[in-house]
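The next block holds one structure in the form of structure tokens; read it before the comments.
The values are calculated or read from the model by the stated rules, or taken from the named source; none is laboratory data. None of these values were measured; they are calculated from a predicted model. Here the Cβ positions follow ideal geometry from the backbone for every residue, glycine too, while neighbour counts run over all protein chains shown. Protein only, heavy atoms only, side chains kept; ligands, DNA and RNA dropped before computing areas. Shrake-Rupley method; radii C 1.70, N 1.55, O 1.52, S 1.80 Å.
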Amino acid sequence: MSCAPSHVSDSYTGSSSAINPSFLRWKQQDQFIMSALLSSLSMDVLHLVVDCQTSHCVWCTLDQALISPSNSRIMQLHGSFQDLWQDDASVAM
């Protein structure tokens, strides 16, 4: 959903001094989404989104920062797991 204008025009005066109720609802919903996103992040990536003001900004920042390395990281982890394989033995904790 796109952001609604923050103010609406007064049809009588033509000024845009009245706060748009749709904007307030949008802002509240965006803050709920942003809170859910932030609460799901690990401390390792939280620093990436510290300056973000909207959920869209959080999502795009994480996308740009993490999408490219993820495939190479998956391959690296896959290789590491293969190196750990020792016949039918499992790793004891």
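Summary of values
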| read-out | value |
| --- | --- |
| Net charge, GLN53 excluded, C-beta distance under 11 Å - Lys, Arg +1, Asp, Glu -1 | -1 |
| Rounded to the nearest 10 Å², the accessible area of ILE74 at probe 1.4 Å | 100 Å² |
